[in-house]
Amino acid sequence: METIAWVVLILFLITVVLWIYVIADIFGGAIQGSGRKALWLIVVIFFPIIGVILYFLFGRDEPRRVGGGDRPTGTDKNNL
């Protein structure tokens, strides 16, 4: 019985962390337009698990780039 409690606790903590991440991402500018932000906040707050899944599938305007986006890295010979 104790193992089940740990599994439930870990799943709960993962859900809370993802929920907080999505809310911060919405406020951080991943979505343009106040109407869309308000709609996603309502969905994520009132339906936490389904809302987080839907947000990751459909909510973001564009995927974020890893490594800083369009900044030159200094290794491109054409930038000299």
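Read the figures in this text as sums done on the coordinates, not as results from a lab. Note that this is a predicted model, so its numbers are computed, not measured. As a convention, Cβ positions derive from the backbone with ideal geometry for all residues, glycine included, and neighbour counts pool all protein chains shown.
Counting Lys and Arg as +1 and Asp and Glu as -1 over every other residue whose Cβ lies under 11 Å from the Cβ of Arg36, the net charge comes to +1. Per-residue Karplus couplings for segment 45-55, computed as 6.51 cos²θ - 1.76 cosθ + 1.60 with θ equal to phi - 60°, are listed in order as 6, 7, 10, x, 6, 5, x, 5, 4, 5, 5 Hz, Gly and Pro entered as x.
Given a Förster radius of 22 Å and the C-beta distance between Leu9 and Arg60 as r, what FRET efficiency does 1/(1 + (r/R0)^6) yield to the nearest 0.05?
Working: r = 29 Å, r/R0 = 1.32.
It comes out at approximately 0.15.
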